[in-house]
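Everything on this sheet refers to the single structure shown next.
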Amino acid sequence: MQLLSQTAVRHPWRVILAFLIISLGFGLGLKGLELDNSPESLVPPDLPAKLLLDQARQTFGGGDMEFAALEGDVWTPQALADLRKATVAVGQIEGVKRVTSLANAKRMEEDNGFLVVEDLLPDSLSPAEIPQIRAYVDKHPLYSGRLASKDGRYAAVIIEVDSKSDMKKLNHQIEAALTASWRGPVHLAGTPALSGYILDTMARDIPRQLLLALLIIALVFFVNFRSQRGVLLPLLTVLVSLVWALGLGGWLGFKLGMVSSILPVVVLAVGSSFTLHVLNRFYHELAAGAQRREAVLLAVRETGLGVLVSALAAGAGLAALYTSSVPQIKSFGLLAAFGVLSAFLASSLLIPAVLALLKDPRLVMDPERPDAVSRAMRSLGAWLPRARWGILLAALLFLGVMFYFIPRIQAETSFLSYFPKTAPPRMATELVDRVFGGSDNVILVVDGDLKDPELLGAIYRFEQKVAAYPQVGSAASIADVVRELHKALTGAYGLPDTRDGVAQELLLYQMSGDPEELAQFMDEGATTAQITVQVRSLPSREMQNLVARIQKDADAIIGPKADSVRATGTTVLMLETMRLILHDQYVSLALAFVLVALFNALLLRSWVVGLVSIVPLLLTVSGQFGLMGMFGVPLDTATALIGAIAIGVGDYSVHIIVRYLEELRKGRAAVAAARESLYVSGRAVFFTALAIGGGFMALLLSGFAPIQTFAKLMGFTVGATALFALTALPAALLVFVRGKERKEVVNDA
Amino acid sequence: MRKLLTVVLLVSASLALAISGEEVMQKVDAHPSPTSLQGTMVMRLVSKQGKELTREIQVWSRKTGGEEKMLIKFVAPADVKGTAFLTIKKDGKEEMKLYLPALKRVRRIASSQKKGSFMGSDFSYDDISNLSGMKIEDYSHKLLRTEKKDGQEFYVVESTPKPGVESSYSKQIVWVPADTFVPTRIEFYKNGKLYKVLTNAEVKSFAEGKYLIPTLLQMENVQTGHKTVLEQKDLKIDVAIPDSVFSERFMKR
């Protein structure tokens, strides 16, 4: 620390120049930073269900399903012509892999002794032809209630898009193409529509949140220091660390998702607190009569250890997220940790360099003058030693209650849960669920001899069974196609008796249209097929039960006739991811606790101190999760981060420990040391908590429910960490660290 | 010097483009087509992942006056062996019949699937019937350039359907060798995007050079990565095919 501060004071210009050059280098990376919140950004690339889905997409074409409901009287020549125009227009958009609507549906039936296989909608339509077409659609199992609502008020356009597309752009293009052709309202649902909306919301939210967080933090700093530089210098620190962290993200090709949209605010809140401590001490030394340069050196030396420990702990807590299997959380952890360490460097090198150059502040005020906060700290210090056993007992009780509620936490990964009930894609999804029986799907990949009538029969029986579930709209597969064709050929619904019969009917179907049409159900060699089960959007828990039931039915009915039958699809991927998030949570939290305790123990040269140092964190984190379990707040991709971030932002209690040990070293008794540390560092802890907590409140502006919940939980977290740091921590210090650990801690560091 | 260069350039350009797109396509169309054809077609369907499926069919076709008849019978794979299609075109009307051995019945089919796939391959019915020459009067032909490849000179012609003409494709770009005038490569565009590419790898002459017929063709769907390799074997040209071949009884045999 001494080396850092001396370099800064001796060569201020060189330090500033170095920071400028490095910032420029990272800044260039900012251009490469992209937004992406596709399921791909959340799903680990080596997940078995993901590999299966990739393989299914290769074999059967198609992609993520976007569901457009076009509102208006469907059964008029004009509307059907518009639908055809819309279908063609959407099909031409780059990134759209398949479009299905009445406009490209087929009519396959016996007509006057002829087998008719043709487009459902002829090129020109007269009103007289419509009742016949409608009657055909109404009794067709693959079309009725799927491509047109039964009441004729909505037409569906099912759009499958390449999951690697820029969903934001694609979604706008699809919407524009549909509204240009269709005269009535257009409702867009499904994962791609939600992803597009998420990206729009993020692009709008990130700058707003950042600005508000800056304002709140600036205000807290102004109240604390009452000076311009007291506001501008911390902001300089966070600016540097933001550019470094986001620039690194750009250079590494990371993409920001909904989760990482909180990255700037996390770096801002945590980073600014470091400078707060340095400045606090600087003003204190100036007030005590030190020269400017000397004050800078002292400030960095005295606070340096605390800032270093809390930066390392914060970095470790955040970096522990890198163990997550969810790509978005992984990159968030890495960048946030890097941002925090950049903030540490800036506050212990750049800020001292700038302070060394600036003129003496005109108004030298003592930030530790006994204002209301300091007086409160003094009373606290007087009461605490007497109540130490009571406080520890209360803390233990709190832990017990919270641990009781933690197992009740439920995970949630449904994209729909991100949005308030009035958000357009959420309303569209609910409409599509109601009118068309589902905007989501579960895909079953069946391997086996698909020309075997017994296997086809089993697939059909399975479809009948699951379609009867209230959460399922319909199911479609090659079995339905063969049944339709068989009816057209023989006049009766059913399947051919023999393998050859199936093969020949399939051949007929292949010859009657685009081979692509069959490809969406089955591969050319008839060895693998996909069954698409259309399901409503459901909360994760219900979806998990439904998928388990579907898989069980498939195993029981199709299993004996097939080589294998496996479930996948975007929804299944998100469910698998949810399981991983829950599992990762425990791993990264445990790792973070160990790392923080280890750093604190090493830097403060005592195992007991290391363990005591994590008391406030342990209480806070169990409080967070206990409350989530108690109030039914789901653990989702955003709230899954709070544990790690709490460790990152919450370690300012280390300043109390450092001060306490310093006082012991000076020969004071434990009780007096506790009083002094509360009086001196308590104020800084209070203002840091206020700045960080205030910064996180900016996230309440977010358009996403999980981020809003995250902000509220962070409010609790920051408050609780401060409270525990000012009560349970000194109580634990008084009980467990009574002076034997008196070491030359500060100077050694 | 500059003047001379300009003159040379102009002369060479006018020499190279001495023939118009319309003229090239007329020469392509001028090839006579056989009145009857009998043989075996082997189709290899190759998926994007490289999986292969082979189908073998026997073909009989005959043109007499205003009547065109074609019978197609599957030989392989075994599970579709005996499946037969009969097409009779007369006075602009088309009659199609289908025989599926598993159903043991001949069914009449009303099909207007000109754009539909030929026997489940990457060729459409249109592509197959265009092999013996597209209706050149339905298209406008523009000579884009001449190309030299492996010592052979090619005319590259862009054919776009005339207004009001219904076509599966928005345009076709045809590579026509200057010596044989049998196209060796055709690019099919749909909505302005490259959709399929046809390559004729082998052209054989029949009836002492009277006919030039592509016998090894490949159609690749650029958008799906799927392709079909079509080989015409044991071709018998201009042989007499009796009427009894184009009958329900023969279909069932």
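Output the peptides A:315-324, A:46-55, A:450-459 sorted from most to least packed, where packing is the average of other Cβ atoms within 10 Å over each peptide's residues.
Numbers: A:315-324: 24.4, A:46-55: 15.7, A:450-459: 21.8.
By packing density, highest mean first, the sequence is A:315-324, A:450-459, A:46-55.
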Under a 1.4 angstrom probe, counting protein chains only, how are B:K104, B:K63, B:K73 ranked by accessible area, largest first?
B:K104, B:K63, B:K73
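Residue separation times 0.36 nm, minus the C-alpha to C-alpha distance between A:L24 and A:T179: what's the value?
The span from A:L24 to A:T179 would gain 51.4 nm if fully extended.
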Contact-by-burial set, region B:63-95, min loss 20 Å², accessible area of protein heavy atoms with 1.4 Å probe, reference chain alone, gives B:D79, B:V80, B:F85
Just to verify a number: what accessible area does B:I19 come out at with the full protein assembly present, 1.4 Å probe, Å² rounded to tens?
30 Å²
What order do you get for A:712-722, A:679-689 when each peptide is scored by the mean count of other beta carbon atoms within 10 Å, highest first?
A:679-689, A:712-722
Share of carbon and sulfur in the accessible heavy-atom surface of region B:20-252 [1.4 Å probe, %]:
48 percent
Which residue, B:G192, B:G65, B:G39, has the most motion in a Gaussian network model of chain B that connects Cα atoms within less than 10 Å?
B:G65
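Am I reading the A/B interface right? What is its buried accessible area, both sides, 1.4 Å probe, to the nearest 100 Å²?
Details: alone 29090 and 14780 Å², together 41010 Å².
Summing both chains' loss of accessible area gives about 2900 Å².
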Accessible surface of region A:42-195 [probe 1.4 Å, protein heavy atoms]: carbon and sulfur percent
51 percent
Net charge around A:L700, counting only other residues with Cβ within less than 12 Å of its Cβ (Lys, Arg = +1; Asp, Glu = -1)?
+1
Using a basic spin-label model with each label point 7 Å from the Cα along Cα→Cβ, how many nm lie between A:R226 and B:K204?
10.3 nm
Average projected area of the Cα convex hull of region A:166-227, in nm²?
6.3 nm²
Computed label-point distance, nm, for sites B:K90 and A:S564 using a 7 Å Cα→Cβ extension
5.6 nm
Of the listed pairs A:K85/A:K169; A:K552/B:K51; B:K93/B:K233; A:K139/A:K552, those with alpha carbons more than 26 Å apart are A:K552/B:K51; B:K93/B:K233; A:K139/A:K552
Contact order relative to length of chain A, as percent, for alpha carbon pairs under 8 angstrom and 6 or more apart
20 percent
Using only the Cα atoms, what convex hull volume per residue in Å³ does region A:42-195 have?
127 Å³
Which residues belonging to region A:481-529 lose at least 50 Å² of 1.4 Å-probe accessible area when the assembly is complete, relative to their chain isolated?
A:L489, A:Q504, A:L507, A:M511, A:E524
The simple spin-label model distance between A:R579 and B:T35, using points 7 Å out along Cα→Cβ, in nm, is 7.2 nm
Please enumerate, by chain and number, the lysines with C-alpha under 20 Å from the C-alpha of B:K148, excluding those fewer than 8 residues away in the same chain.
B:K27
PRE reach from A:M427 (point 7 Å along Cα→Cβ): which of region A:58-98 fall under 20 Å by backbone N?
A:67-73
Per residue, how many Å² of accessible area does region A:42-195 show with a 1.4 Å probe?
40 Å²
Cα centroids of region A:312-344 and region A:463-535: how far apart, whole angstrom?
50 Å
FRET efficiency, 1/(1 + (r/R0)^6) with R0 22 Å, evaluated for A:Q6 and A:A290 via beta carbons
0.90
Partner shielding of A:35-48, as the mean number of partner chain Cβ atoms within 10 Å, equals 0
Residue with peak Gaussian network fluctuation, chain B [Cα springs, cutoff 10 Å], from B:K227, B:K89, B:K142:
B:K89
One checks the Cα atoms of region A:449-562 and finds Rg and Dmax, in Å, of 14.8, 45
Efficiency by 1/(1 + (r/R0)^6): what FRET value for B:K148 and B:R253, r their Cβ-Cβ distance, R0 = 60 Å, to the nearest 0.05?
0.70
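With the other protein chains left in place, how much accessible area per residue, in square angstrom, belongs to region A:449-562 at a 1.4 angstrom probe?
35 Å²
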What is the percent of Cα-Cα separations in region B:20-252 that go past 23 Å?
53 percent
Go ahead and run the numbers for FRET between A:L252 and B:K135, Cβ-Cβ distance against an R0 of 56 Å, rounding to 0.05.
0.45
Calculate how large, on average over all directions, the projected area of the Cα convex hull of the protein assembly as shown is; give the answer in nm² to one decimal.
52.2 nm²
Modelled label reach - A:L51, point 7 Å along Cα→Cβ, region A:568-602 residues with backbone N closer than 17 Å
A:568-569, A:573, A:576-577
On the protein heavy atoms, probe 1.4 angstrom, tell me the percent of accessible surface of region A:449-562 carried by carbon and sulfur.
49 percent
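Return the equivalent ellipsoid semi-axes of region B:18-100 as a descending list in whole Å, where each equals the square root of 5 times an eigenvalue of the C-alpha gyration tensor.
Working: eigenvalues 180, 100, 25 Å².
Values for region B:18-100, descending: 30, 22, 11 Å.
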If you plug each phi of region A:39-45 into the Karplus form 6.51 cos²θ - 1.76 cosθ + 1.60 with θ = phi - 60°, what whole-Hz ³J(HN,Hα) values come out, in order, with x for Gly and Pro?
x, 4, 6, 9, 9, x, x
With heavy atoms of protein chains only and a 1.4 Å probe, what residues of region A:105-119 have at least 50 Å² less accessible area in the full set of chains than alone?
A:F114, A:L115
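The values are calculated or read from the model by the stated rules, or taken from the named source; none is laboratory data. Everything numeric here is computed off the predicted structure, so don't read it as measured data. Every residue, glycine among them, receives a Cβ derived from its backbone with ideal geometry; neighbour counts consider all protein chains shown. These area figures cover heavy atoms from the full protein model, side chains too; ligands, DNA and RNA do not enter into them. Shrake-Rupley method; radii C 1.70, N 1.55, O 1.52, S 1.80 Å.
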